[in-house]
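The values are calculated or read from the model by the stated rules, or taken from the named source; none is laboratory data. Bear in mind the structure is a predicted one, so any value in this text is a computation, not a measurement. Cβ: placed from backbone, ideal geometry, glycine included. Neighbour counts: every protein chain shown. We work out accessible area using only protein heavy atoms, side chains counted, and drop any ligands, DNA or RNA first. Shrake-Rupley method; radii C 1.70, N 1.55, O 1.52, S 1.80 Å.
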Amino acid sequence: MTQTASRPAQTILVFPAMDFRVVNGANLGDALSFATELDLDDVYELTAQARPARLSLIMQGSGPFTIGIDSELGRPGAQVYLDCALTLMSATGGTTDMLVFVEVDEAGNVAEIYAMPLARLMPRTGYALVGVEREGSMRKFAEAACVAFTRGTHITMARGEQKPVEDLQPGDMVLTRDDGPCPVRWVGHSTARAVGEFAPVRISAGALHNENDLLVSPDHRLFIYQRSDALGAGRHEVLVRARHLVNGDTVRIETGGFVDYYQILFDAHQIIYAEGIAAETLLVDPRTRAALPAELEETLIADEAAHGGRTHLQFEVGRALLDHPNAADILKRASTR
């Protein structure tokens with residue numbers, strides 16, 4: 001099977017199940033498995049040689065997913081199911097969520113199992129299995145993909161005033177780059193531990209000509225206009241993920257404690273202005289749908305069509321073009337020269 005043009009693959013970083021084994025408990029020596037074969041209180045460790053690899057998935061709603069042709073793991077065209085979400089606890093009492101994916105062969109038998117931790121796992125560290133959840137696994141997967149602003153972020157409204165994101169209401173008119181003033185359709189709110197995939201990226205004041213610090217989810221894409229094509233992208237307009245700008249100084253990952261995230265949804269995917277930086281709003285796609293409320297269910301298919309066809313989505317640049325000691329500084333200078 002080849003990758004269909006209608007559904008681009010999304011890439012997640014996973015470990016093969018063999019890299020995560022039971023070191024103490026009922027299944028001593030076994031690799032991670034699917035929900036019905038797991039036992040609570042088993043203690044797992046990540047092997048010292050373990051390295052995450054790319055699993056590319058073509059998503060059709062809630063699944064099964066299909067492995068894309070550019071995947072580092074799995075057989076292209078094979079089906080993959082999101083089996084469950086696990087809660088793991090370290091000896092210090094900290095908890096980590098992990099998603100378990102199961103690849104099946106043509107006969108429907110298990111071919112491979114993959115683990116997607118939502119926070120960093122340390123090798124040779126014991127993690128006790130304290131929770132197994134099947135019903136809420138798709139929602140956890142969706143929440144990790146939803147781009148969001150943190151509490152206190154100032155959004156530019158249609159008349160130019162600045163409004164904290166937590167004060168936005170459906171119907172409020174926000175200034176968008178492509179369509180001018182547009183009404184907010186929905187504002188979501190979630191609170192997460194600021195670790196792993198949920199640790200926000202702080203873009204310090206001035207790093208990208210922003211007046212105040214901007215904190216966003218790590219995969220949040222920023223829209224930047226380069227007067228000169230400093231990145232070699234072949235165009236002046238680029239979309240850049242916040243995590244690809246991290247330099248440990250003016251752009252850094254903020255870990256520890258909890259973070260309040262706010263998702264802004266419009267009838268179409270938009271670029272708005274947050275602390276003066278052009279940034280995307282929530283994109284409706286097969287992965288993020290599960291994070292939306294049930295009352296939006298009837299119009300989700302139409303939303304996906306309106307969201308996925310936006311021209312600016314073609315402007316995203318990959319990590320390879322941002323492989324510089326300080327890509328944020330390069331983009332800042334390129335936007336003014």
Original post:
residue 60 passes all but one of (1) in contact (Cβ under 8 Å) with a residue 24 or more places away in the chain; (2) open to solvent by 50 Å² or more (accessible area, probe 1.4 Å); (3) farther than 22 Å from residue 142 by Cβ; which number fails?
Top reply: (3)
Original post:
Within the bounds of segment 167-182, is there any residue that is part of a helix (DSSP H, G or I), touching a Ser or Thr at 6+ places or on another chain (Cβ under 9 Å) and closer than 18 Å to residue 260 by Cβ?
Top reply: no
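Residues that are under 26 Å from the mean Cα position of the chain (by Cα): which strands (runs of 3 or more DSSP E) entirely in segment 1-112 hold 3 or more of them?
Numbers: elements: 10-16, 20-24, 43-46, 53-58, 65-67, 79-90, 95-104.
Answer list for segment 1-112: 10-16, 43-46, 53-58, 65-67, 79-90, 95-104.
Taking segment 183-216 as the region of interest, how many residues are under 16 Å from residue 257 (Cα atoms) and at pLDDT below 95? So that I can check it myself, show each step before the final result.
The first filter runs over segment 183-216 and keeps only residues under 16 Å from residue 257 (Cα atoms), leaving 190-202, 215-216.
Now narrow it down to the ones that are at pLDDT below 95: 190-199.
Of the residues in that region, 10 qualify.
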Original post:
Within the bounds of segment 238-257, is there any residue that is crowded, with 19+ Cβ neighbours inside 10 Å, more than 25 Å from residue 156 (Cα to Cα) and modelled with pLDDT under 90?
Top reply: no
Subject >> residue 84, sole failed condition from (1) under 20 Å from residue 217 (Cβ atoms); (2) touching a Lys or Arg at 6+ places or on another chain (Cβ under 7 Å) >> reply: (1)
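Within segment 122-161, can you find the residues that are closer than 23 Å to residue 242 by Cα and of a type in the set (A, V, I, L, M)? So that I can check it myself, show each step before the final result.
Keep residues of segment 122-161 that are closer than 23 Å to residue 242 by Cα, which gives 139-157.
Matches in segment 122-161: 142, 144, 145, 147, 148, 155, 157.
Look through segment 139-156, keep the residues that are small (Gly, Ala, Ser) and modelled with pLDDT of 95 or more, and return whichever of them is surrounded by the most Cβ atoms within 10 Å (Cβ to Cβ).
Here is the first cut: in segment 139-156, the ones small (Gly, Ala, Ser) are 142, 144-145, 148, 152.
Adding the requirement that they be modelled with pLDDT of 95 or more leaves 148, 152.
Values: 148: 27, 152: 15.
Step by step, filter segment 139-156, then rank; the result is 148.
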